[in-house]
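Okay, so here's the structure we're looking at.
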Amino acid sequence: MSSAESKNLEAISKAIDHHNATCPFPAAEVRMNPFEVERLGWEEIRGLPIVPDPNIGTGRFHIVCSRDMEGDELEEVEAIAEELVTVTPGKRDTPAEPGQEPGEPGIPDNPGRWN
């Protein structure tokens, strides 16, 4: 690692530590100019992704707070619901065979299916 790379690593690492020490939300990513990202060849630093951002000048970086990212990566979908109907089984009004009442042996109170 060259001297310039180690200085960049140290500066970014200190900025991440400062952010995490002063904010209740952890750092989420490091943004840098695409030229700097390509020159350094890093994909992440301390577990945080390095994201190219053309709005940031060369020689600079920006620590992005996870609070600022809320909702950025959430996918919004439409929920489709069906109305459910609760059905409770009933009792037979007439006996299945002449002379037998529901509840007697052989005829269930709740047959579950009517034939």
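Please find, within segment 38-58, the residue that is farthest from Met69 (Cα to Cα) out of those that are in contact (Cβ under 8 Å) with a residue 24 or more places away in the chain and loosely packed, with under 15 Cβ neighbours inside 10 Å.
Step by step, filter segment 38-58, then rank; the result is Thr58.
Go through segment 3-37 and give me each residue that's of a type in the set (Asp, Glu), over 24 Å from the mean Cα position of the chain (by Cα) and surrounded by 11 or more Cβ atoms within 10 Å (Cβ to Cβ).
Within segment 3-37, Glu5, Asp17, Glu36 meet the criteria.
Of all residues in segment 23-69, which are assigned to a strand (DSSP E or B), farther than 21 Å from Glu5 by Cβ and not small (Gly, Ala, Ser)?
Correct list: Val64, Cys65.
Please go through segment 28-60 and pick out each residue that is modelled with pLDDT of 90 or more and aromatic (Phe, Trp, Tyr).
Within segment 28-60, just Phe35 meets the criteria.
The values are calculated or read from the model by the stated rules, or taken from the named source; none is laboratory data. Bear in mind the structure is a predicted one, so any value in this text is a computation, not a measurement. Positions of Cβ are backbone-derived with ideal geometry, glycine not excepted, and every protein chain shown enters the neighbour counts.
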